[in-house]
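Take a look at the structure set out below.
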Amino acid sequence: MDTYFKNGHIHGHFNKTRNDNFDEIGKIAAIKFLEQKNYKVNNFDKDKKENIIWNNTDLIATKDGQTFHIEASAKRWDLFKYVKSGVDVETRKLKYIRENVKSYILMCDYIKNNNNQFVCGNELLVIPMICLKKAQESCGQEFYGHGILSSEKFIEPEHGCIRVRKKCKKGLGQSNTIEDFYRIPYKYIIHYVATDDGIYKKIK
């Protein structure tokens, strides 16, 4: 995947192949979860002409007079076995935070079905975006290196939300490129698993 450097961060360029495969999967899982919790959900990332609004989250959810911004995400099923060690979120998602609006990332797992198509799995994480802000404020330009050297002055903050730079070796459209992430400790994340009837139950 091609990358670009902006404000001290390495980001992956928009990848149409990955977006075509995974964007809808993340949204399907997020909408299903939110509607089970009695939220009203609307798309938030496109205008009336279907043009992408790059600085908006995927969805907006409302309930009892409160508004929440929701970014939907999908990660490979096999990465979910590592969630207790922290969950990595692309640093570019920091741009979605707005003052006085609670924002969350809803991250589902994806699997391949019997027809070799990518579909939603049964796990879902609710990650507060405030954790991304904490990581950036505490780490600044310093980062922990996962598989590469850490920056010279990196010190892990007490809250544990950190900036991580790592190689993305696996996954569709990835080719060992280096990108920047925030690693959010499991203790700040709510973890759900869908039962056989599709109802999300909190396990942590």
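The values are calculated or read from the model by the stated rules, or taken from the named source; none is laboratory data. Fair warning: this is a prediction, and the values are worked out from it, not measured in the lab. For neighbour counting, all protein chains shown are included, and Cβ atoms are generated from backbone atoms with ideal geometry for every residue, glycine included. Just the protein is used for accessible areas: all its heavy atoms, side chains included, with ligands, DNA and RNA removed. Shrake-Rupley method; radii C 1.70, N 1.55, O 1.52, S 1.80 Å.
Quick rundown of the values:
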{"read-out": "Boolean, Tyr39 is of a type in the set (Ser, Thr, Tyr), open to solvent by 50 Å² or more (accessible area, probe 1.4 Å) and farther than 30 Å from Ile162 by Cα", "value": "yes"}
{"read-out": "Counted residues, region 152-185 - those being hydrophobic (A, V, I, L, M, F, W, C), in a loop (DSSP other than H, G, I, E, B), under 17 Å from the mean Cα position of the chain (by Cα) and at pLDDT 95 or above", "value": "1"}
{"read-out": "Every residue from region 77-113 that is of a type in the set (Lys, Arg) and over 12 Å from the mean Cα position of the chain (by Cα)", "value": "Lys81, Lys84, Lys95, Arg98, Lys102, Lys112"}
{"read-out": "Every pair of residues 6+ apart whose Cβ atoms lie under 7 Å, when the first sits in region 41-54 and is without any contact (Cβ under 8 Å) to a residue 60 or more places away in the chain and more than 16 Å from Gly26 (Cβ to Cβ) while the second is part of a strand (DSSP E or B) and open to solvent by 60 Å² or more (accessible area, probe 1.4 Å)", "value": "Ile53/Lys46"}
{"read-out": "Subset of region 174-186 (residues that are touching a residue at least 12 places away in the same chain (Cβ under 8 Å) and either surrounded by fewer than 19 Cβ atoms within 10 Å (Cβ to Cβ) or among the acidic types (Asp, Glu) (or both))", "value": "Gln174, Ser175, Thr177, Ile178, Glu179, Asp180, Pro185, Tyr186"}
{"read-out": "Search result, residues across region 114-151 that are modelled with pLDDT under 95 and either under 20 Å from the mean Cα position of the chain (by Cα) or open to solvent by 50 Å² or more (accessible area, probe 1.4 Å) (or both)", "value": "Asn114, Asn115, Asn116, Gln117, Phe118, Val119, Cys120, Gly121, His146, Gly147"}
{"read-out": "Residue, surrounded by the fewest Cβ atoms within 10 Å (Cβ to Cβ), within region 95-104, restricted to residues that are in contact with a Ser or Thr (Cβ under 9 Å, 6 or more places away or on another chain) and outside any strand (DSSP E or B)", "value": "Ile97"}
{"read-out": "Long-range neighbours under 8 Å by Cβ, at least six apart or interchain, first residue assigned to a helix (DSSP H, G or I) within region 133-151, second basic (Lys, Arg) and at pLDDT 95 or above", "value": "Ala135/Arg163; Ala135/Arg183; Gln136/Arg163; Cys139/Arg163"}
{"read-out": "Region 1-22 - residue that is within 26 Å of Phe118 (Cβ to Cβ) and in a loop (DSSP other than H, G, I, E, B) and, of those, modelled with the highest pLDDT", "value": "Asp2"}
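Yes/no per residue for (1) assigned to a strand (DSSP E or B); (2) surrounded by 11 or more Cβ atoms within 10 Å (Cβ to Cβ); (3) not polar (S, T, N, Q):
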| position | (1), (2), (3) |
| --- | --- |
| Gly26 | no, yes, yes |
| Trp54 | no, no, yes |
| Ile70 | yes, yes, yes |
| Ala74 | yes, yes, yes |
| Asp88 | yes, yes, yes |
| Lys93 | no, yes, yes |
| Leu106 | yes, yes, yes |
